Amino acid sequence: DWTAFSTASLPPAAVAAGGTYFLSSLQSKQYVSSARVYITVADPAGAVESVQPPASPSAQNMQDLATLFTAQAITTAVYKQLGLPVGSAGSVTAAPLQGSGSTPTSFLVVTATSGSATRAAQLVNTYVAVFLSSRRSAQAARASMDAAGDLRALHTLTRDPANQPERQTLLTQYASLQALAHNPSAGAVPISTAVPASAPSSPKPTRNAILG
């Protein structure tokens, strides 16, 4: 048999490499896409009535946000937008970007892996959009709640001249909170948009064959 003769005449390493190449080439192709999000405020809702300018997020804040990024509530909203069963489009991770010397930064890197290059990019971009929307919604809800509290307090004050300074303060706060409720901030900015990968990240039969 010519095939048997040919195989037998090859060095064992070549036979093994050929087998590795063949098996790797049979694996399903996987595509990876990613995007970055810059976090300016750790908790936009908590910063609504803060008298101090919001501080940059801490390393722990960034870890918490990375976990929140793929939490069940956001994942459910993502797949509702996509019109797909939860988890069917691929997998998504979020992690803080590490600077030089493993110094934490205020960037989150969102990465999706899918059997479709287009779907991987779509998955990342939808997660980012839902994450930002959830933060804007949380700030709007907090501003509306605080505005309602100021309005109730305002109604308890008579128009006595002695109450005028406090009434004016409440009116100013109320107007500011109402404006914020109608135009909330996500406290985060997408730095890049995910695009479909031009080639799969795996399998890589040639590399696998070389490495054995």
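Things worth noting here:
- Among the residues examined, Ala148 does not qualify as in contact (Cβ under 8 Å) with a residue 24 or more places away in the chain and either in contact with a Leu (Cβ under 8 Å, 6 or more places away or on another chain) or of a type outside the set (Ser, Thr, Tyr) (or both).
- Within region 89-103, considering residues that are among the hydroxyl-bearing types (Ser, Thr, Tyr) and open to solvent by 70 Å² or more (accessible area, probe 1.4 Å), the one nearest to the chain's Cα centre (by Cα): Thr93
For every residue, the table says whether it meets (1) open to solvent by 40 Å² or more (accessible area, probe 1.4 Å); (2) within 10 Å of the chain's Cα centre (by Cα).
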site: Leu82; (1), (2): no, no
site: Gly87; (1), (2): yes, no
site: Thr105; (1), (2): no, no
site: Thr118; (1), (2): yes, no
site: Leu132; (1), (2): no, yes
site: Ala138; (1), (2): yes, no
site: Gln164; (1), (2): yes, no
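- Restricting the first member to region 121-142 and to residues that are closer than 19 Å to Ser192 by Cα, and the second to residues that are polar (S, T, N, Q) and assigned to a helix (DSSP H, G or I), the beta-carbon pairs closer than 9 Å and six or more apart or on different chains are Thr126/Gln81; Tyr127/Thr75; Ala129/Gln81; Val130/Thr75; Val130/Gln81.
- The number of residues in region 76-97 that are under 22 Å from Asp43 (Cβ atoms) and without any contact (Cβ under 8 Å) to a residue 12 or more places away in the chain comes to 1.
- Test: residue in region 85-97 that is in contact with a strand residue (DSSP E or B) (Cβ under 6 Å, 6 or more places away or on another chain), farther than 22 Å from Lys29 by Cα and assigned to a helix (DSSP H, G or I): no
- Enumeration of residues in region 107-116 that are farther than 24 Å from Asp43 by Cα and open to solvent by 20 Å² or more (accessible area, probe 1.4 Å): Thr113, Gly115, Ser116
- Any hit, region 173-196, residues being touching a residue at least 40 places away in the same chain (Cβ under 8 Å), of a type in the set (A, V, I, L, M, F, W, C), over 30 Å from Lys80 (Cα atoms) and surrounded by 14 or more Cβ atoms within 10 Å (Cβ to Cβ): yes
- Condition check for Arg136: part of a strand (DSSP E or B) and under 14 Å from Ala188 (Cα atoms): no
- Some residue of region 51-63 being in contact (Cβ under 8 Å) with a residue 60 or more places away in the chain, surrounded by 15 or more Cβ atoms within 10 Å (Cβ to Cβ), touching a Leu at 6+ places or on another chain (Cβ under 8 Å) and of a type outside the set (S, T, N, Q): no
- Listed conditions (1) surrounded by 14 or more Cβ atoms within 10 Å (Cβ to Cβ); (2) out of contact with any Leu (no Cβ under 7 Å at 6 or more places or on another chain); (3) closer than 24 Å to Val195 by Cα are all met by Ala66, apart from (2).
The values are calculated or read from the model by the stated rules, or taken from the named source; none is laboratory data. Not measured: the values here are computed from a predicted model. Cβ coordinates were reconstructed from backbone atoms using ideal geometry, including for glycine residues, and neighbour counts include every protein chain displayed. Note: accessible area is taken over every heavy atom of the protein model, side chains too, but ligands, DNA and RNA are not part of it. Shrake-Rupley method; radii C 1.70, N 1.55, O 1.52, S 1.80 Å.
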